[in-house]
1. Could you grab me the full set of residues in region 803-821 that are surrounded by fewer than 20 Cβ atoms within 10 Å (Cβ to Cβ) and assigned to a loop (DSSP other than H, G, I, E, B)?
2. So, Pro749, is that one surrounded by fewer than 17 Cβ atoms within 10 Å (Cβ to Cβ) and outside the structural domain of Thr725 (by TED's automatic domain parsing) or not?
3. Just to be sure before I move on: is Phe968 touching a Ser or Thr at 6+ places or on another chain (Cβ under 9 Å) and surrounded by 17 or more Cβ atoms within 10 Å (Cβ to Cβ) in the structure I sent?
4. Using the structure shown, decide if Ile210 is β-branched (Val, Ile, Thr) and at pLDDT 90 or above.
5. When region 1036-1062 is examined, which residues are found to be farther than 21 Å from Ser512 by Cβ and not aliphatic (A, V, I, L, M)?
6. Based on what the data block shows, is Asn671 outside the structural domain of Leu719 (by TED's automatic domain parsing), of a type outside the set (A, V, I, L, M, F, W, C) and without any contact (Cβ under 8 Å) to a residue 24 or more places away in the chain?
7. Cβ-Cβ distance below 6 Å, separation of 6 or more or different chains: which pairs start in region 1079-1094 with a residue that is free of Cβ contacts under 8 Å to residues at least 24 places away in the same chain and end on one that is in a helix (DSSP H, G or I) and buried (at least 18 other Cβ atoms within 10 Å of the Cβ)?
8. Return a yes/no flag: does region 397-408 have any residue that is at positive phi and modelled with pLDDT of 85 or more.
Amino acid sequence: MSVFGEAALSAFLELLSAKLLDSVLNFVADHRQVHQQLKLWQSILPEIKTVLNHAEEKQIKDEGVKNWLDDLQDLAYDVDDILDEFAYQELRLKHQKTQPQASTSKIQKLIPTCCTGGNFSPISFMFNAKMISKINTITDRLNSLNTRRSSLGLSEIMSQGATSKGNKTRLQPASLMDGAVEYVGRANEKQEMLELLNSNNSDGVCVLSIVGMGGMGKTTLAQLVYNDPSIKESFDHKSWVCVSDDFDAVNITKTILRSLDAESRDENDLNLLQVKLKEKLSGKRFLLVLDDIWNESYSDWTILRTPFGAGTKIIVTTRLEKVSSNVDSVKAFYLDKLSHHDCLSIFAQHALKARNFDGHLQFKEIGENIVRSEIWDLPEDPCGLIPALRLNYHYLPPHLKRCFAYCSIFPKDYEFEEEEIILLWRAEGFLQSKAKIQGKGLGNQYFQDLVSRSFFQRSGKDKSRFVMHDLMNDLAQSIAGEICCRLEGDKQSKFSLRTRHSAYVSDDGYHSVKKFEAFYQMTSLHTFLPLLHGKCHFYLTNVVVEDLLPRLSCLRVLSLRGWEGDGHLIRELKNLSNLRGNFCLSGLENVNGQDVREAKLNGKLGIDGLELQWGEDLENSSFKNLSSLKLRNCKNCKSLPSVGRLPLLKDLSIIGFDQVQKIGVEFFGENQLNPFASLEILSFESLPNWKEWDTCEGDEKVLKLPSLRELSIKTCPQLLGRLPTHLPSLQKLEIHSCMSLVVSISSFPSLCELSIRGCAELVDDCSSPAKEISFLQTLSLSNISKFNIPADRTMLRFGKSEHFEIGGWEELASLSQHGFSLVGHRFITVGCCPQLQSLEAEEAELQPDKISRVESLMIVSCDGLNRLPQVLHELTFLTVMEIQGFRGLVSFTENNLPPNLKKLKIAGCENLKHLVDENEDKIGLPTTSFRTFVVDGCGNFGALPKCMASITSLRRLSVLNCSADISFPSEGFPANITSLEIINAPKNYRSLVEWGLNSLSSLQELIIGGEGCSNVVSFPEKGTRMMLPPSLTRIFLSGFENLEFMFSEGFQDLASLKELMIGDCPKLTSLPEKYMLRSLGHLHIFSCPLLKKECSSNNGREWSKISHIPLVQIDLEIVIPEESEWNMILKICDWFLQIHGRGTKNHFKHL
């Protein structure tokens, strides 16, 4: 059966019988017909309960019994819902007796119609036709199930607790804390994998695969290898990605990038992501684990591995041999059953927390019998679950079965807190006990029981949070079936009329109408829960608030945590009059007295614990374990606290201290012998009056900053003198906008990243021997008043940096002037050097074999430069090239476009006429690798290449602000293009109209600037081939001076459209019809005065077309969501709090 199993269902039925007995029968005593039917329920439910053990056994092989159990479970939920309606009405009557004239709620429409009316009474409620119909239907279904029970031959049998050997007490499972269990077996596989990974004999990507059925330990083996100390020594970076059954190259690449750089910008263009990743990994040894791959597509794998080169090693775990074959593993490790000895050892660890049974001989025979059981030899079921896992679930107590299966609403790798889960269980009514333990204490007991049985485990990233192993997640989904479902992105799982608990998972910040269409069939839903990946807030369509939620009258868990609307202030607590339990308010240092008074905390009689939090004094001993600290915007503070006393502090940021003029001994801590003993990252920013940094280096007994790896000083314009002279561990140094500071790098032997963007002088006095200094990997120099490093020292320290960037040097005539060269670098940027005439002193020095490693070349605003290097066409690794403000560029020829170029951006090159000469058009551009072409602000650029249609690899094309007569390629554009941007090119727009945009079947982003298109009055134009391609997700229109309306038929197939932006269209008055915009999440309108008026919520003719969209901005003002919508959300919450008094209130503390 789906969901909780016979024991859990038995407990559920027992709970329903108790509800009938306790209060409902008394409540309906005056209504004979209803009372008789409920008495019938009370007699039939226990009879059905007695055969559940038998049904559980038979349903494995008998489909009819399985369907009977599913129907019974569905009926149990419906009975529970209707009993809740009775309970609510009883509570309502008691409230009316204390308040005879209750005020009318503005959201009365949300209350079921059977519960409303001017003269409410129990009799009028009972005689309501809708309620009577519900009761009759349940009675009929209950009688039918009882009849089917007999025909299926179900009878009462002994419960699972008794055995033929007598009732023996089972051992309570031990709580397995971190480190309590040793990994058993697989030692040979682990050692061999480590040897292969730590070796340096691979020229390309090295892939190892671990293959085996679910539960064989693939992920655990990968974790052991990944966390081995030798891996940390052998690799510069490592990353772990849980792939599961959603193999999305974009999301996987983004995850890898975020693990390397937490501040990496969010992109959805795979090419840009892979270019960034390739840059990050350039010259680095990198270990990647791709856990639980199911995708069998070889082409998908080929695309994913594109950015990885020599030095990258990948571990893949999978249940499928074909996946292992596709990834071309150097070695595949096939995990089979463990030996009998190893299995016995594992069993002893989990059951007894011992390595073997030597100290527990009385249990050894039992353990051996279990290990030899035939259950382990059963075939794997279709969804890849080991039957033994089902056995673990089978022996769970009934109350834990319900709690565990409920957690199937969470996606794989979702990290949750114990308190979060307990609140959900409590709201659903799962925390039921005959003992005195209640509420949170009971929930803690349930949760820790599941942890001790390994159904939950601690997160490896955050020990305060928990996760379910992928296999446990699969098990929970398999058990829950249709009852618990989740919506991930745009992928809908098996939602049905029987679904009771649902969560929706989204990386998208805009939750549109289309996302929630599946929920309209789930009228008996108990749980409506958003789970946001990487988002702290979201924009929600008002259709959910005004239309969907009123239909979900059975909800017990409603969370709109993160919903973005106006009024997130403490005073809005005044509407939540029914808050119960413990309540915490933090950040009160930001609250004024008037807001507190309006919150009316003294009127919240249900609160039995109130916690108020302000910031603490830094000297408090509670900070002794602090590892990261950011002090920000203390504008009137004149000195810094003694944070040098914090022994475990690793990361410190000082930002916005306007009055600080000197930093000295008070910062390190007076008489502190080892200040900042653990500090690794130190950052100062925006200290406008800071003039002196006394590092107290005269005291030789005091070791300052011994572990510092990164030092950053930004926007401290008055800081004088020099930096600390002895930082032996410093690897990264950033100095930005410190024009009075002298920067000496003489005594930083470990330095590998240097970024100077504005200082008085850069010095290296050569005091450190050449053999003791390291080569820089990243170099960025600009706006340095005085460069005081000898040329030979420059070549020694900077000559082999992977990233090379110089700029803002007014007097620089050649790179060799200071010992710089293009030789030895992979990513080169040269900008704002107006006197620079050549990239080398002599062209002969620039040989292809010396600069063949170059992958990216950017030249910006070097007006004196007269030509590009002639050897560009021989740079086979060069994939990204950007040229801006190069007056000497007229065109490229076949001899100076790299053969593997992927991205070319040309901007502000006023003399550029064409990309390639007409006679060389067929050979001028790479046709298999070229993905992005941008040309911007090149006033004489008059023709796109004729061969454009043959460049099948092209994905993005942008033509902006070039010649007004720029011509359109007669053969059109490649069908695979995903982003097209045409601005201020009327001839191109007219050609697009005639050619037909619908031919671009892969187009996702369309940006059109209508400058010069004065005859265009509609978009798309009526009677043309301008039907928009269905693949579009984003449209941006601007500058159409005579555009009057949007032609709805052109939008009819845009089911994926997420964002629509319209600007500078002064005559536009209408939008496409509402049904064309159902998927839209964000509408932005600016400088369209007539359309703005029509979109007004106050009688605007277009308002009905946009009112369902989650986020609407007009002239930078957010008009949806409105402030009133947030107030409505609070009222809905208040209503739910009144209906579901059994703990639901605490869940709303998340809002």
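1. Correct list: Gly808, Glu810, Glu811, Ala813, Gly819.
2. Against the criterion (surrounded by fewer than 17 Cβ atoms within 10 Å (Cβ to Cβ) and outside the structural domain of Thr725 (by TED's automatic domain parsing)), Pro749 does not qualify.
3. Judged against the criteria, Phe968 is a match.
4. Yes; evaluated as a whole, the condition is true for this residue.
5. Ser1038, Gly1039, Phe1040, Glu1041, Asn1042, Glu1044, Phe1045, Phe1047, Glu1049
6. Taking the combined requirement at face value, the residue does not satisfy it.
7. none
8. No, that holds for no residue.
The values are calculated or read from the model by the stated rules, or taken from the named source; none is laboratory data. Since this is a predicted model, take the numbers as computed values, not measurements. Here Cβ is always computed from backbone atoms with ideal geometry, including for glycine, and neighbour counts include all displayed protein chains.
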